[in-house]
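The values are calculated or read from the model by the stated rules, or taken from the named source; none is laboratory data. Everything numeric in this text was worked out from a predicted model, so none of it was measured. Quick reminder, even Gly has a Cβ in these numbers, built from the backbone with ideal geometry, and neighbours come from all protein chains shown.
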Amino acid sequence: MEKVFLFDVDGTLINTGGAGSRALVRAFRARYAVENALKGLILDGKTDPWIIREVLQLNLGLSPGPEQVRQVMESYLAFLEGEVQSSPNFRIMPGIELLLAELAAREDALVGLATGNIEQGARIKLERAGIYPYFRLGGYGSDSEERPELVKIAIRKAERLLGRCLGREEVYIIGDTPLDILSGKAAQVSTVAVATGRYSLDELRPYLPDYLFSSLADYPAFLAEVYARQA
Ligand SMILES: [Mg+2]
C-alpha cells in the first residue's frame, strides 16, 4: 500500500535565504509605501495570506478585506521570482534531494506538499531548487489561510488520487514548526518534525511529533521505520 508524504517548504525542503521575506517587504513598500513591514512578526509556519493579513492589521492598523490581501499577494509574486533567483544564501536542506529521488523511485510512495506558501510561490521556490517535479499534489496557502485546513485539503487530494481513504500510518506530514505538527495531529495523521528551520529539537519535542529528526540526512533510517509500520 502506498504511503503519502506531504512536505512543508520553507525550513523543511529549502531555505530561500530570506528571499520570501524580501519579496513581501517590497510588496508592502510598493502598495503601502511602508518600510520593514514584517518588523516584529514571526512568520514560520504561518500561511502567506495569514502573514499578509497580520501585517495589515498589526503593523499598518488596517482591517483588510480579501481584496487587499489579494493585491499584496499579487505584488509579492511579482517580486518573488527575482528575489529567489538572485538569493545568494538559497539552499536545499540536507538529505532532501536523495530522499525525494528515492521516493520517486518507489511505487508505494506518493509525494506532495502541505505548505503555507501560495501555490505559485511554492513553485517558484522549488523550481530554483530543481525539485518541483517531484510533487504530485499539494495543499497551499492559496487553498486556505488556516494551516490545519490546507493539510486536510492535501490529504483529500491524495485520497482522490489513490481512490481510497487514508489512515494514520499512511500519511506523513513533514515540517519544521509546531504548527506543522499540530496541523498533522488535527488531521489525525502521522507527524514528522525536522529541526532544520527556526525551531530546535528541544523546542519541537514538547509538541509530540511521531518522528523527530535534526535533519533528513539520515532518510534511509526514517524510510525503513515508516515502511515497517502497517496501515
Ligand atoms: Mg516551514
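Some values worked out for this structure:
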quantity: Members of the stretch 193-231 found to be more than 12 Å from the ligand (Cβ to nearest atom), in contact with an Asp or Glu (Cβ under 8 Å, 6 or more places away or on another chain) and either among the hydrophobic types (A, V, I, L, M, F, W, C) or farther than 19 Å from Ala109 by Cβ (or both), listed by number; calculated: Leu223, Ala231
quantity: Residue tally, condition among the aromatic types (Phe, Trp, Tyr) and in contact with an Asp or Glu (Cβ under 8 Å, 6 or more places away or on another chain), over the stretch 88-124; calculated: 0
quantity: Hey, Ala224 touching a Lys or Arg at 6+ places or on another chain (Cβ under 9 Å) and part of a helix (DSSP H, G or I) or not; calculated: no
quantity: Candidates Gly184, Gly82, filtered to the one that is assigned by TED's automatic domain parsing to the domain that holds Ile51 and either at pLDDT 95 or above or part of a loop (DSSP other than H, G, I, E, B) (or both); calculated: Gly82
quantity: Ser190, sole failed condition from (1) surrounded by 15 or more Cβ atoms within 10 Å (Cβ to Cβ); (2) of a type in the set (S, T, N, Q); (3) within 16 Å of the ligand (Cβ to nearest atom); calculated: (3)
quantity: Residues being under 20 Å from the mean Cα position of the chain (by Cα) and within 11 Å of Val55 (Cα to Cα) - total across the stretch 26-45; calculated: 4
quantity: Residues (within 11 Å of the ligand (Cβ to nearest atom) and buried (at least 22 other Cβ atoms within 10 Å of the Cβ)) located in the stretch 168-180; calculated: Ile174, Gly175, Asp176, Thr177, Asp180
quantity: Boolean, Ser200 is over 13 Å from the mean Cα position of the chain (by Cα) and within 24 Å of Ala101 (Cβ to Cβ); calculated: no
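Let's see how each residue does on (1) under 23 Å from Arg91 (Cβ atoms); (2) within 18 Å of the chain's Cα centre (by Cα):
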residue: Tyr140; (1), (2): yes, yes
residue: Glu145; (1), (2): no, yes
residue: Lys157; (1), (2): no, yes
residue: Arg160; (1), (2): no, no
residue: Gly163; (1), (2): no, no
residue: Leu212; (1), (2): yes, yes
residue: Leu216; (1), (2): yes, yes
residue: Tyr219; (1), (2): yes, no
